[in-house]
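K.L.:
Quick one: the structure is below, and I'll ask about it shortly.
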């Protein structure tokens, strides 16, 4: 199977989130974005042992919507850092 050229790949951003579980974050995103917004954002949870909290990978075009939905939640969930690479979250 051939790889996609870089121009056709999904450009993703990584969000470091403090507080909340995976299920609560999924519920918040579905509540605020809906199923269509969820499909556009393509959220993926990434396991990184060196980083505190949860790392969520989303599509670059939906980054602002995902950040807004996390900040609008009534739970104590905060966005700590956003980066284009996982290595950038460690700094």
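K.L.:
What tally of residues in segment 49-74 results from selecting those that are within 19 Å of residue 24 (Cα to Cα) and in contact (Cβ under 8 Å) with a residue 40 or more places away in the chain?
P.N.:
Qualifying residue count for the region: 11.
K.L.:
Is it the case that segment 75-89 has a residue that's surrounded by fewer than 16 Cβ atoms within 10 Å (Cβ to Cβ), without any contact (Cβ under 8 Å) to a residue 24 or more places away in the chain and either in contact with a helix residue (DSSP H, G or I) (Cβ under 7 Å, 6 or more places away or on another chain) or in a loop (DSSP other than H, G, I, E, B) (or both)?
P.N.:
no
K.L.:
While we're on this one: Regarding residue 25, is this residue in contact with a strand residue (DSSP E or B) (Cβ under 9 Å, 6 or more places away or on another chain), surrounded by 12 or more Cβ atoms within 10 Å (Cβ to Cβ) and either on the phi > 0 side of the Ramachandran plot or not in a helix (DSSP H, G or I) (or both)?
P.N.:
Here the answer is no, as residue 25 does not meet what is asked.
K.L.:
Kindly list the number of the only condition in (1) in contact (Cβ under 8 Å) with a residue 12 or more places away in the chain; (2) in a helix (DSSP H, G or I); (3) surrounded by 15 or more Cβ atoms within 10 Å (Cβ to Cβ) that fails for residue 38.
P.N.:
With respect to (1) in contact (Cβ under 8 Å) with a residue 12 or more places away in the chain; (2) in a helix (DSSP H, G or I); (3) surrounded by 15 or more Cβ atoms within 10 Å (Cβ to Cβ), residue 38 is out only on (1).
Values quoted throughout were computed directly from the atomic coordinates according to the rules given, and no laboratory measurement underlies them. What you are looking at is a predicted structure, and each value in this text was computed from that prediction instead of being measured. Heads up, the Cβs are rebuilt from the backbone with ideal geometry, glycines too, and the neighbour counts pull from every protein chain shown.
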